[in-house]
Each structure stands twice: as structure tokens, then as C-alpha cells.
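To start, the structure under review is shown below, and the notes come after it.
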Amino acid sequence: MITNAKSYYDFMSEITPADIYSGLLAHGMFSDKLPPVFTSKPFYDYVQTNSPTFQSKPHKYVYYENMRNINVPRPLAIPNPFAYQRLCAFLRDIWPNLQVHFQNQTKTESHRVSRIHLRKMYQEDSLFQMNYGNWRVDGSPEVDILMTGKRYMVKADISSCFPSIYTHALSWALATKEVAKVNRKNSKLWYNKIDALARKLTNDETHGLLIGPHVSNLLTELILTCVDSKLQKWSYVRAIDDYTCYVDSHEDGQRFLTELGAALREYELSLNHKKTEILELPLAATSHWQRKLNMLPLTTSYGKTDFPLTRAYLDHAIELMDQNKGNAAILKYAIKVLSEKDLTHNAKEYFTKTVLGLSLAYPYLVTMLDEYIFSKFCANCSSHECIRIFAQRALQDGITRRNYEQAAYAIFFAIKYGFQLEGFDIAAAIQSADSIFMLMSYYYVHKEGLTNELAQLITSAQQYASDLITFDEYWIYLYEILPKTDLQEDWRTLKEKGISFVKPLSDW
């Protein structure tokens, strides 16, 4: 048992106002599901040096779809940088108030309920990373709870959590609903300013936080730690909006769900009843797919992972995925595990080809290929033939299925590894109206010297750029490819300063 586990407030107290500002603005504006070419660090540096005052007005955002582990898309967003900077700067300025809030809501917890939240991480500039853990300070509350003899496990999550967040509920969480409603028209109050600045990211809509920017994780925690504070008699943990509670009886499980639902309704949130279940222990705890995968041997007597072991592990992962409603996260986990092993030559070849084939069937895996497959097993191949073949097929499938994330990644691979895509059609990118796909296409045609295609992209971009509201919806694409003469207001100033939100090609 780990006895030096940190409390929620311990993690929050380690973060300084300067940390929260740089973490959110310089390293938390872009989702890590995007091709790894985007950065807001130059924008942060520009703001730090020049202290500009951006206009206070509502903005739309760039919409982007990311394939989920169940092969359905998740809506992601890239916020307007000016509205995002204003919110991050204000959160920096009132960070001590938020630290007090987190302390008040969590100080009586017997263990740290929230398991995924902002924190300082070893050798990381970002403050948020999904599923990050440090066993030395995180503790294992689930194990400790099970030692008390609980008989059932309750699984629940919030229905469409981020899109359902009511921004006025931020004020309710920070000042109580009664106080916030009395003072709802006082725009000078700091908790009302958070509400107002958050709405500026979504064109003044009161419902919904953007999925992708790390600031949304912080704002959500302001509310959900309040929900946690109302449920402290229950033994549970929470991973963002996923709850796992351990109870003595099925009836207690039903009572937990009732109380959790009531606590969420106070902030206009609701349970996803399709995903709530009460499972009997110990089977519920031991039947988890990760435990089953970890039971398989992966090392031979001579210290390597050979072809039979690799094939058996992947086959078992596919079987478990089938048994768990097509959850491709199981494949992702298996790929990560195998990529760290010392594979024999035959095992490497089988592993690489199998994963690339699976990635065409399950595009959810495409975002991990460069880190776990190409850079480890294909980067030293001078022709990069396996990457080219995969990218060619992924581009065609992505366009046909309108999975523009897959198409964008295919072009990213072509640019990074220096090969041409046969039959590349700029019209498909323009017709997609997808900012990331179009932007990747721009860099591809620019690198390949395709002047006619480049002209077509710029012409289409100029049409989008004529209106500032429309500009917001495509800003990452329009700002990067258009000259300053086609830009207006703060955009033109940024362009004149040479600020880019895309890394140099040499860093891809």
C-alpha cells in the first residue's frame, strides 16, 4: 500500500499562476489528437513580450472530428486564440481563488476521488495528459477500498459531459447557486467573469465547453469537485466524467446512482443511463480486459518477444475487443505494450503489417501510428515503403468515408517521410471544407511544388476569409496560408510579427 499519496489540493498547490498560464496557453490549446504539427508556444511568447490587448467579443471555433475507440467520431475544437488567451490570462490572475475552491471541495476526502486532472508532470510543459499516472504519489484507492470487503461495483458516467456543461454553473460552483443567481448581472465579480470569458470561446453560447483545449478540463473540475463533495459517504473514484463506486449491496448501488444523479442535476448535468451498471465483485474487478491481456507471456527464455508470442498477444487483444463491444482501446493498449518489447525480426514484420491493417479497419488507431509504429519500426527504412502504401490507402479511404482525420494524417505521413501520394486530388480537400485536411494539403502541395493546386487552395481560402465570423470557423487554415493583405485586425498584426501555429517542417 502506498502511504505517501498526494491529495487533490497537493497537486493544485504545486501549480503557480505562471504555470497555469503557460500550461494552458503555450501547451494546452491544441488537442493531442491532431497531427503533431501544431503549437501555440510562439503565440504565447508573442503575448508575453508584447502584452497586446485583444478585443473582447464572442468567437466561433474550428470544428474537427476525431475517431473514437468505438469507431464513431468525437467533435473536437480549436479555439480562437485571442478569446482563449483572455480566458487563460484571467484564470492566471485569479488562480489563488481557484486553489481555495479546490481545497474547500476536496479537503475532507478520504482519498483523491478525481484521478485525471491538471497537474505538474515530470519533464512535461503541459499540465494535462489523459491517463497520466505516477505510482509514487497517486496511490491506489481502488485496492484500498476493495480491502474493506465491498461486494459490488457501480459504473456510471455523465451524458455528453463537456457539451452539456452550462457555463452559468461555473458561477454556481464557485459562489453557490443562491449567491450566483442574486449577483448574476454583476459582470465585475470574478466568478461571473469566468462564465463570460468561457462563453466567448463558443460564440456566447451558454451550453457546452470545447473538447480539446485543456482549459475545458480545468473548468469542468470546478463543477465536478463540487459534485464529489456531496457524495463523500460513498467509496468511489472518478476519471473526468467516469465514476466507479464500490458498495456493499445492489441496493446501495442503486442509491449511489440516485444520489449521483441528483447531485449532477444541481448543475444541469445528467447520467448516461445506457452506460450505468452494477456488477458483482470480485468477478467485475478481475474480468477487466487489461488484466486478461497482462496474463499472457511476452518474453522468451532468451529475452526477446518472438513471432508466436506476438501473434498470440494480438489475437487475444482482438478477441477481447470483440467481447467488449468493439472497444478499439484494447488494440491501442496492446500496440503500446508490444512496441516497447524487443521483437525478433519476424515478430517486427508481423506486428507492423498487422497493426497497419487493423488501422485501416479501426481508424481510431491512426493517431498513434507515428509514435508507436513508424518511428520505432519503419523510420530506418530508406524507402519508407510500408508507410507510403498505408498512407496511400488511408487517404483514399478517408476521402471515401469522409473521415478527414484519417486523410489529414495520411498527408502528414507523406510530408514527414518524404514520399508522393499517387492520385492526390486537391479538389477533394477543398470540397471537404475540413480545416485540418485542407491545411495538411497546403503543406503537401507547397512541399511538392504543385503551383496550380496551391493557387486553388488560396483562392478557396480567400472566399472563406471575407467574413470574420466565417474566418473563426477556419482560422487555423486561413491564417496559415494567406498573406497579411488578406487578413484583418489582430490576425494581420500576428502575421506581420511572423507568428505561426504550425511547427517548421524540419520539426515534424
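The values are calculated or read from the model by the stated rules, or taken from the named source; none is laboratory data. None of the values given here were measured: they were computed from a predicted structure. Counting neighbours? That spans all protein chains shown, and the Cβs are built from the backbone with ideal geometry, glycine included. Keep in mind that these areas ignore ligands, DNA and RNA; they rest on the heavy atoms of the full protein, side chains included. Shrake-Rupley method; radii C 1.70, N 1.55, O 1.52, S 1.80 Å.
Do we find a residue being part of a helix (DSSP H, G or I) and within 30 Å of residue 281 (Cα to Cα) anywhere in the stretch 193-216? Among the residues of the stretch 193-216, not one is part of a helix (DSSP H, G or I) and within 30 Å of residue 281 (Cα to Cα), which makes the answer no. Scanning the stretch 217-253 for residues being closer than 22 Å to residue 144 by Cα and either touching a helix residue (DSSP H, G or I) at 6+ places or on another chain (Cβ under 8 Å) or part of a strand (DSSP E or B) (or both) gives a total of 19. Determine if the stretch 233-242 includes at least one residue that is basic (Lys, Arg) and open to solvent by less than 30 Å² (accessible area, probe 1.4 Å). Within the stretch 233-242, one or more residues are basic (Lys, Arg) and open to solvent by less than 30 Å² (accessible area, probe 1.4 Å).
As a summary of the residue check, residue 60 satisfies the conditions (1) under 26 Å from residue 123 (Cβ atoms); (2) buried (at least 21 other Cβ atoms within 10 Å of the Cβ); (3) touching a helix residue (DSSP H, G or I) at 6+ places or on another chain (Cβ under 6 Å) except for the one numbered (1). Residue by residue through the stretch 224-277, note down the ones that are farther than 18 Å from residue 172 by Cα and of a type in the set (A, V, I, L, M, F, W, C). Scanning the stretch 224-277 gives 234, 237, 239, 240, 245, 247, 256, 257, 271. For the stretch 284-304, residues that are open to solvent by 30 Å² or more (accessible area, probe 1.4 Å) and without any contact (Cβ under 8 Å) to a residue 24 or more places away in the chain total 10. Do we find that residue 361 is among the hydrophobic types (A, V, I, L, M, F, W, C) and touching a residue at least 24 places away in the same chain (Cβ under 8 Å) in this structure? No; evaluated as a whole, the condition is false for this residue. Among the criteria (1) hydroxyl-bearing (Ser, Thr, Tyr); (2) in a helix (DSSP H, G or I); (3) open to solvent by less than 50 Å² (accessible area, probe 1.4 Å); (4) at pLDDT 95 or above, the one residue 500 does not fulfil is (2). Condition first: at pLDDT below 95, part of a loop (DSSP other than H, G, I, E, B) and open to solvent by less than 50 Å² (accessible area, probe 1.4 Å). Now tell me which residues in the stretch 366-410 satisfy that. Result: 379, 384. Picking from residues in the stretch 427-445 that are β-branched (Val, Ile, Thr) and either open to solvent by 10 Å² or more (accessible area, probe 1.4 Å) or touching a Pro at 6+ places or on another chain (Cβ under 8 Å) (or both), the one that is farthest from residue 391 (Cα to Cα) is 430. Taking the condition assigned to a helix (DSSP H, G or I) and either in contact with a Ser or Thr (Cβ under 9 Å, 6 or more places away or on another chain) or of a type in the set (Ser, Thr, Tyr) (or both), does residue 347 pass? In short, yes. Among the residues making up the stretch 305-337, those that are more than 29 Å from residue 143 (Cβ to Cβ), of a type outside the set (A, V, I, L, M), open to solvent by 20 Å² or more (accessible area, probe 1.4 Å) and in contact with a helix residue (DSSP H, G or I) (Cβ under 8 Å, 6 or more places away or on another chain) are 306, 307, 311.
When you look at residue 114, is it open to solvent by 60 Å² or more (accessible area, probe 1.4 Å), in contact (Cβ under 8 Å) with a residue 24 or more places away in the chain, closer than 30 Å to residue 282 by Cβ and among the polar types (S, T, N, Q), yes or no? When the stated conditions are applied, residue 114 does not pass them. Within the stretch 222-259, the only residue that satisfies the criterion of being among the aromatic types (Phe, Trp, Tyr) and over 12 Å from residue 155 (Cβ atoms) is 234.
Every condition in (1) under 26 Å from residue 132 (Cβ atoms); (2) open to solvent by less than 20 Å² (accessible area, probe 1.4 Å) is met by residue 356 except one, and the failing one is (1). Listed by first and then second residue, the pairs linking a residue in the stretch 270-283 that is in contact (Cβ under 8 Å) with a residue 60 or more places away in the chain and under 14 Å from residue 256 (Cβ atoms) to a residue that is of a type outside the set (A, V, I, L, M) and open to solvent by 40 Å² or more (accessible area, probe 1.4 Å), with Cβ atoms under 6 Å apart and 6 or more places separating them unless they lie on different chains, are 277/155; 278/152; 278/250. Just so you know, in the stretch 152-186 the residues that are without any contact (Cβ under 8 Å) to a residue 24 or more places away in the chain and hydrophobic (A, V, I, L, M, F, W, C) include one that is surrounded by the most Cβ atoms within 10 Å (Cβ to Cβ), and it is 180. Out of all the residues in the stretch 377-426, which are within 21 Å of residue 354 (Cβ to Cβ) and of a type in the set (A, V, I, L, M)? If the condition is that a residue be within 21 Å of residue 354 (Cβ to Cβ) and of a type in the set (A, V, I, L, M), then 379, 387, 389, 391, 394, 395, 410 are the ones that fit.
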